[in-house]
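K.L.:
Got a structure here, written out as structure tokens. Questions coming.
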Amino acid sequence: MPTAIPAVSNRLFGLFCFASYLLSLSYGSTFLLSLLISSRGGNEHDAGSVISAAMLSTFAAVIVSGHLSDALGAARSIALFGILLAAASLGFAMAPGFGDLLLLFGLLLGLGWGVFYTLGPIIVASLVTPAQRARYFALLSGSMLTGIGSGPLLGRLASALGYPVTAAFYLAALASLIGVLLFWRLDVHLRQVPSASIAGARISWRATARVLSSKAVFPIIMVGLGGSIFGGLSSFQTSYAAARSVDYSLFFLGFMGAAIAGRMVIAGWVVKRDPLRASCLLSGLTLGSILMFGYGVNDSVSYLMAAVMLGIGYGLTYSVINGLAANEAPAGTLSQALLLFSLAYFIGVFGFPFVAGKIIVEYGMTTLLHTVLLISLLNWLITAGRLLWRRIFATRATQSA
């Protein structure tokens with residue numbers, strides 16, 4: 001791995017982040033599926049089934065994305081599969097009822113989002129030094145979270161202007177097409193930027209075994225648990241807000257605003273700190289936000305505060321553990337570690353909503369919040385346990401010296 005890589009230009013990276021924002025709107029609009037399907041006579045379980053259909057196709061996306069990247073280039077691969085994001089958004093808006101046709105568009109969403117979400121960090125990792133990764137991962141994930149959070153806000157804006165919720169899906173499709181064009185153009189410019197020499201992006205059983213037997217397995221597990229928290233809360237936030245008599249747009253405004261502000265104001269400080277201590281503190285803040293959602297939300301102000309806590313805690317934790325997964329991967333397995341990191345995230349963010357929807361329908365929202373609380377506690381215990389183990393090991397090393 002090279003000792004120094006010329007910094008990518010701010011203009012080029014800014015355009016890369018803007019294109020990422022546009023593509024992310026398509027996934028963000030899926031948080032309106034529960035509302036859309038309910039208006040067509042379905043329930044949360046039906047919405048969870050559609051979202052979780054994407055989990056199946058993301059497995060294929062993660063496997064083929066490395067081959068696509070090696071053959072076509074990462075940016076051009078994202079552009080090609082970004083077309084599927086636009087098709088999925090159009091399909092959600094135009095499909096009648098809530099039957100099997102929506103499952104097909106869920107599969108298309110998983111393919112498009114899977115390739116984009118997997119190859120985006122690999123592009124960033126190839127452009128910057130290991131010391132810069134956490135900062136640039138924070139900027140990229142901040143752009144993506146902003147797009148994700150903007151999707152549901154489009155639905156709220158459409159409702160306020162008297163348009164149906166499907167208008168948000170049409171706008172997301174248009175944004176995705178613009179993002180596709182930008183990534184197609186970016187491919188030429190990104191190829192001209194001096195980059196890190198990293199191994200090919202293809203995944204193999206041998207590379208998988210090496211990554212999962214290293215310390216990188218811990219951030220990979222954590223991102224899967226974090227994805228479950230985010231997917232479970234966000235996918236059914238319209239149902240939660242209706243039960244608490246609050247406006248669901250406050251959740252996405254608070255979450256998105258905190259995530260953006262966190263990256264602009266706090267991220268520079270966080271990435272200079274010990275990553276294990278930072279992830280412990282931030283995952284603890286995430287745990288606190290889940291406690292607040294479960295027991296402390298009784299009006300719009302407390303609802304907004306819980307969303308802000310989640311935005312800072314979850315949003316910044318993701319950036320930290322993304323950097324950990326890259327930097328703790330064995331030599332020569334950087335791309336594979338990031339592929340597995342993305343795969344674990346997809347299992348959580350797309351797979352858990354199926355379980356969450358079933359829990360809501362059969363046992364109620366309170367049971368779902370208790371389940372998410374347990375997941376959040378486990379997530380915090382992993383990083384707290386790593387810190388404790390490191391301290392014990394350091395103490396023993398000092399005593400034996």
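The values are calculated or read from the model by the stated rules, or taken from the named source; none is laboratory data. Treat the numbers as computed from the prediction; the structure is a model and nothing was measured. Here the Cβ is made from the backbone with ideal geometry for all residues, glycine too, and neighbour counts use every protein chain on show.
K.L.:
Could you check, for the range 308-316, whether at least one of its residues is modelled with pLDDT under 90, surrounded by 21 or more Cβ atoms within 10 Å (Cβ to Cβ) and either of a type in the set (Asp, Glu) or in contact with a Pro (Cβ under 9 Å, 6 or more places away or on another chain) (or both)?
P.N.:
Scanning the range 308-316 turns up no residue that is modelled with pLDDT under 90, surrounded by 21 or more Cβ atoms within 10 Å (Cβ to Cβ) and either of a type in the set (Asp, Glu) or in contact with a Pro (Cβ under 9 Å, 6 or more places away or on another chain) (or both).
K.L.:
Between a first residue in the range 43-64 that is surrounded by 24 or more Cβ atoms within 10 Å (Cβ to Cβ) and a second residue that is not in a helix (DSSP H, G or I), which pairs have beta carbons less than 6 Å apart while being 6 or more apart in sequence or on different chains?
P.N.:
As it stands, the answer is Glu44/Phe236, since those pairs meet every condition given.
K.L.:
Determine, yes or no, whether Leu388 is aliphatic (A, V, I, L, M), closer than 27 Å to Gly323 by Cβ and either at pLDDT below 95 or touching a strand residue (DSSP E or B) at 6+ places or on another chain (Cβ under 8 Å) (or both).
P.N.:
Values: aliphatic (A, V, I, L, M): yes; closer than 27 Å to Gly323 by Cβ: yes; either at pLDDT below 95 or touching a strand residue (DSSP E or B) at 6+ places or on another chain (Cβ under 8 Å) (or both): yes.
Answer is yes for this residue.
K.L.:
While we're looking at this one, here's another question. Give the residues of the range 139-170 that are under 25 Å from Arg76 (Cβ atoms) and aliphatic (A, V, I, L, M), sorted by residue number.
P.N.:
Leu139, Leu140, Met144, Leu145, Ile148
K.L.:
Here's something else I'd like to know. Just one of Ser159, Ser141 is small (Gly, Ala, Ser), under 30 Å from Ala278 (Cα atoms) and at pLDDT below 90; which is it?
P.N.:
On the way: Ser159 fails: under 30 Å from Ala278 (Cα atoms).
The conditions single out Ser141.
K.L.:
Right, next: Among the residues of the range 100-121, how many are surrounded by fewer than 22 Cβ atoms within 10 Å (Cβ to Cβ) and in contact with a helix residue (DSSP H, G or I) (Cβ under 9 Å, 6 or more places away or on another chain)? Can you show your working first?
P.N.:
Residues of the range 100-121 surrounded by fewer than 22 Cβ atoms within 10 Å (Cβ to Cβ): 100-101, 103-104, 107.
With the extra rule that they be in contact with a helix residue (DSSP H, G or I) (Cβ under 9 Å, 6 or more places away or on another chain), the set shrinks to 101, 103-104, 107.
Final tally of qualifying residues: 4.
For every residue, the table says whether it meets (1) of a type outside the set (Lys, Arg); (2) modelled with pLDDT under 85; (3) at positive phi.
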{"position": "Asp46", "(1), (2), (3)": "yes, no, no"}
{"position": "Ile51", "(1), (2), (3)": "yes, no, no"}
{"position": "Asp70", "(1), (2), (3)": "yes, yes, no"}
{"position": "Ala86", "(1), (2), (3)": "yes, no, no"}
{"position": "Gly97", "(1), (2), (3)": "yes, yes, yes"}
{"position": "Gly106", "(1), (2), (3)": "yes, no, no"}
{"position": "Leu111", "(1), (2), (3)": "yes, no, no"}
{"position": "Val128", "(1), (2), (3)": "yes, yes, no"}
{"position": "Ala134", "(1), (2), (3)": "yes, yes, no"}
